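Below you'll find the structure, written out as structure tokens, and then a few comments.
The values are calculated or read from the model by the stated rules, or taken from the named source; none is laboratory data. These numbers were taken from a predicted model, which means no experiment stands behind them. For neighbour counting, all protein chains shown are included, and Cβ atoms are generated from backbone atoms with ideal geometry for every residue, glycine included.
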Amino acid sequence: MKKILISVLLIAGIVLPMMADDVTYLTTEEFKARIFDYTKNKDWKFSGDKPCVIDFYTTWCGPCKRLAPIMDELSQTYCDQVKFYKVDTERERELAAVFRISSIPQVLYIPVEGEPLILKGLYPKENIVEIIDDYLLKKPKTK
């Protein structure tokens, strides 16, 4: 029994911290607090301390459903470097309107310094990794 309890605690100690940096769902108010308060500022100024990726989606969207596991996987890969968020455009209509979300999925890539980049459509994982590495993390290209 002791071995089982120790095993469970060990697994919990390894798995739970890994799950802590998953994709976070944002409301409009949370977006204004964590990312950018567009009601108080007209010029873009990111409030976060790490670059972030925001996936604008809806629950019924087929391409959004295919993008979700990619974002989940990348949130684990980049958990110490990039924050990952999701915004349900049907629940957060104000936020969708601010970014003129007219088709989904749309993904907003926000570096710590500089302007955000928004891309429409479903991109392959390799392209998303390249955007994160080049645009958000500014990793040098390897030959």
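Before moving on, here are some points about what is shown:
To keep it simple, each residue is scored yes or no on (1) part of a loop (DSSP other than H, G, I, E, B); (2) at pLDDT 50 or above; (3) surrounded by 10 or more Cβ atoms within 10 Å (Cβ to Cβ); (4) in contact with a strand residue (DSSP E or B) (Cβ under 7 Å, 6 or more places away or on another chain).
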site: Leu5; (1), (2), (3), (4): no, no, no, no
site: Leu16; (1), (2), (3), (4): no, no, no, no
site: Phe36; (1), (2), (3), (4): yes, yes, yes, no
site: Asp49; (1), (2), (3), (4): yes, yes, no, no
site: Ile54; (1), (2), (3), (4): no, yes, yes, yes
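- Scanning the stretch 99-115 for residues that are over 13 Å from the mean Cα position of the chain (by Cα) and within 16 Å of Cys52 (Cβ to Cβ) gives Phe99, Val112, Glu113, Gly114, Glu115.
- Check on Asp72, under 12 Å from the mean Cα position of the chain (by Cα), surrounded by fewer than 20 Cβ atoms within 10 Å (Cβ to Cβ) and outside any loop (DSSP other than H, G, I, E, B): yes
- Of the listed requirements (1) part of a loop (DSSP other than H, G, I, E, B); (2) under 14 Å from the mean Cα position of the chain (by Cα), Ile131 misses just one: (1).
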